[in-house]
């Protein structure tokens, strides 16, 4: 019975750490860029778009496709950085243990 209570205590501690990390991630900002920084997209640690900056020099009404591609590339850059930050923070909680396939954090 002692092991069960110890496991429950460890689970509660891990849950508290997870809540703290999720709160910190929501406050974090990750910026991705494209076009040598002419387009930037800033995401929260949970993936919510916070800001988009478009340098006026890339705005061309006759070539909207380039602008769309640059915004997409900047978003994808920010998402990759955000995923790496989340993985780093989650490894602090899990002690580097890998999660089972299909299980993704934060919930």
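None of the figures in this text is laboratory data; all of them are computed from the coordinates on show. What you see is a predicted model, and the numbers here were worked out from it, not measured in a lab. Backbone-built Cβ (ideal geometry, glycine too); neighbour counts: all protein chains shown.
Seen against the Cα atoms of the chain and their longest principal axis, helix 2-27 is set at about 20 degrees. Rg over Rh for the chain works out to 1.19, both radii taken from alpha-carbon positions and Rh defined as the Kirkwood radius. A simple spin-label model places pseudo-atoms 7 Å from Cα toward Cβ; at residue 48 and residue 87 they are separated by 2.5 nm. Which length gain, in nm to one decimal place, applies between residue 17 and residue 58 when the Cα-Cα distance is subtracted from 0.36 nm times their residue separation? Length difference between fully extended and current span is 10.4 nm.
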